[in-house]
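First up is the structure itself, then whatever we jot down about it.
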Amino acid sequence: MDARMKIEQEIERKRKIIEDCEKIMEQIPAHLRPSQEFALNIYKKEIEALEQELMNLGNENVIKK
Amino acid sequence: MAIINVTPLMDITELIRSNSVNEGDVLLLEEGIYFQTVAVLKNYIRIVAKGPEVIFDGKGILLDAFILPDVVGIGIEGITIRHYRASGILIEFGLGHRIVNNKIHNMLEHGVEVVSSSANLIWKNEISYCYDGVLLIEGSTNNWVIENVATRCYGDGFESFLAPDSNNAFISNKAIRNRNNGIEMYGSNNLAYNNTLIDNGLGIIISQERDSVVIGNKIKGTILGTHFIFEEYTNYFVGGNTIVCNREKGVESNNGQFGIIIDNKISYNGDSGILLGEESSGNLVMNNKLICNVPENITDLGTNNNILNNTDKPCDPCESPKDVCAAFADESDNGNDE
């Protein structure tokens, strides 16, 4: 699969997981929320890194053209 | 160094954070159902199940069972992990963790996700009904993925994600009935050795960069394709693999360059045994045993490929791959069926 498509799919899936988790945060017992927020931050950082990778790919394509 | 008994009622993240736990300590988990996410924030902590019924259950609302962020040398052994919304074990910026003998099933994300991490051992885990069984991503290098079983995942059994995920080894794993690939191996100098890949969407993909090695794997019953080499991949080595009864081609070098395909047994596949695509060049195909691949055992559409000393046996009269493979179908190659 094309690298761009792979990254986009990974970002899309992770975004959905973050959105769903934020929606159900109220259902999570209060004492467990800090660990979920901690995990959420890791996934958000991971998405940022993947987005950066996408931008780099875009730049590479421009240079190749 | 201490051995600390832990029960399901204890907050393990807080316990590790406290002064009661120090580097090298063992947390010995009593059997029971644990409903929590454990963030391990100290180095060299070993989390060990006391018996087979240590179960972490996210009940469909917690994200991960274990998070190892920016730590070194954590051991997680013998734990069943189920029903989390993200991954069973998430490793980020980590080094030298030992993930051993765990059973991980029903994750929305991955069994084990390794992010920007190196030198981890992932050994003898059984993973099913996840997205990828094991995913190495965002510059994960020099990891060992050995003797794991990944079944019925929605993505791949085992994956190194892109070019920065290099120098990893996938050895003696089983990938069975995963929707996408048995092993998707992007990056340079990765190794797939002695894996068994059965009834997956595709077998092994190698892509992005150069030098990966695929030796002694058994690939059978794939639906969409068997062994693909993509994106001008250079200097790959595919040797000693058994590639039988796949619905499409045995080995397809779409546009691989300067690769070596040697000593493979490629038989009874529903398309060419070895297909060298139009943009492939400078590959050596030697000493392979090809039997009854339809329509051809070897199809070379590329330039300057060298075909040497292969056994090229057509189907016998009235023989077809479909008939022969039906006889193989009863082989007991099944993995866990949770």
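Would you kindly state how much longer the chain becomes between B:Asn194 and B:Phe35 on full extension, computed as 0.36 nm times their sequence separation minus their alpha carbon distance, in nm to one decimal? Display every interim value, and only then the final one.
On the way: separation 159, 0.36 × 159 = 57.24 nm, distance 3.70 nm.
That pair, B:Asn194 and B:Phe35, stretches by 53.5 nm at full extension.
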Residue separation times 0.36 nm, minus the C-alpha to C-alpha distance between B:Lys322 and B:Lys59: what's the value? 90.3 nm
For the pair B:Glu278 and B:Asn106, what calculated FRET efficiency results from E = 1/(1 + (r/R0)^6), where r is the Cβ-Cβ distance and R0 = 45 Å, to the nearest 0.05? 0.55
Cα-only Rg/Rh for the range B:1-200 with Kirkwood Rh rounds to 0.96
Quickly work out the B:Trp144-to-A:Asp2 label distance, labels modelled 7 Å from Cα along the C-beta direction, and quote it in nm with one decimal. 3.9 nm
So how do B:Ile81, B:Ile298 line up by other beta-carbon neighbours within 10 Å, fewest first? B:Ile298, B:Ile81
Once both label points are put 7 Å beyond Cα along the C-beta direction, the B:Leu15-A:Glu37 separation in nm becomes 2.4 nm
So how do B:203-209, B:70-76 stack up, highest first, on mean other-Cβ count within 10 Å? B:203-209, B:70-76
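Given the pairs A:Lys14/A:Lys44; B:Lys42/B:Lys103; B:Lys50/B:Lys103; B:Lys220/B:Lys265; B:Lys174/B:Lys220, which span a C-alpha to C-alpha distance of over 19 angstrom in this model?
On the way: A:Lys14/A:Lys44 8 Å; B:Lys42/B:Lys103 24 Å; B:Lys50/B:Lys103 15 Å; B:Lys220/B:Lys265 12 Å; B:Lys174/B:Lys220 12 Å.
The answer is B:Lys42/B:Lys103.
Suppose only helical runs count, i.e. DSSP H with n ≥ 4. What mean residue ellipticity at 222 nm does that imply for chain B under -39500 (n - 2.57) per run, divided by all residues and rounded to the nearest 500 deg cm²/dmol?
Details: 2 runs with 14 residues, N = 338.
Result for chain B: -1000 deg cm²/dmol, rounded to the nearest 500.
Express in nm, to one decimal, how much length is gained between B:Asp70 and B:Ile223 on full extension, taking 0.36 nm for each residue of separation and deducting their alpha carbon distance. Kindly include the intermediate steps, with their values, before the conclusion.
Working: separation 153, 0.36 × 153 = 55.08 nm, distance 3.94 nm.
Extra length available between B:Asp70 and B:Ile223 comes to 51.1 nm.
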Roughly how many Å is it from the Cα centre of the range B:69-132 to that of the range B:209-261, as a whole number? 28 Å
Of B:Asn269, B:Asn293, B:Asn306, the one that fluctuates the most in a GNM where chain B has Cα springs shorter than 10 Å: B:Asn306
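Classify the range B:62-163 from the C-alpha gyration tensor, please: rounded if a/c falls under 1.5, else prolate or oblate depending on whether a/b exceeds b/c. Could the numbers behind the result be given before it?
On the way: a/c = 1.39, a/b = 1.25, b/c = 1.12.
Since a/c stays below 1.5, the shape of the range B:62-163 is classed as rounded.
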How do the peptides B:11-23, B:83-95 rank, highest first, by the average count of neighbouring beta carbon atoms within 10 Å per residue? B:83-95, B:11-23
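In the P(r) worked out for the protein assembly as shown, what percent of Cα pairs fall beyond 40 Å? Please list the in-between numbers first.
On the way: 16474 of 81003 pairs.
Above the 40 Å cut-off, the protein assembly as shown has 20 percent of its Cα pairs.
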Which of B:Ala326, B:Ala163, B:Ala119 moves the most in a Gaussian network model of chain B with Cα springs under 10 Å? B:Ala326
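Given a Förster distance of 45 angstrom, what is the FRET efficiency for B:Phe258 paired with A:Glu19, based on the Cβ-Cβ distance and rounded to 0.05? All intermediate terms of the calculation are to be shown ahead of the outcome.
Values: r = 45 Å, r/R0 = 1.00.
So the FRET efficiency works out to roughly 0.50.
Based on the Cβ-Cβ distance from A:Ala49 to B:Ser172, what FRET efficiency comes out when R0 is 45 Å, to the nearest 0.05?
Working: r = 31 Å, r/R0 = 0.69.
Efficiency for this residue pair is about 0.90.
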In the range B:66-207, with Lys and Arg counted as +1 and Asp and Glu as -1 at Cβ, which of these residues, B:Thr151, B:Val71, B:Gly88, has the Cα nearest the positive end of the dipole, that is, farthest along it? B:Thr151
Spacing of the two label points (7 Å from each Cα toward its C-beta) at B:Tyr154 and B:Glu296, in nm: 4.1 nm
How fast does the range A:3-64 diffuse by Stokes-Einstein, in µm²/s, taking the Kirkwood radius from C-alpha pairs at 4 °C and 1.567 mPa s? 99 µm²/s
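Each value in this text was obtained by applying a stated rule to the coordinates, not by laboratory testing. Everything quoted here is computed from the prediction, not taken from an experiment. Because the Cβ atoms are built from the backbone with ideal geometry, glycine has one as well, and the counts that use them run over all protein chains shown.
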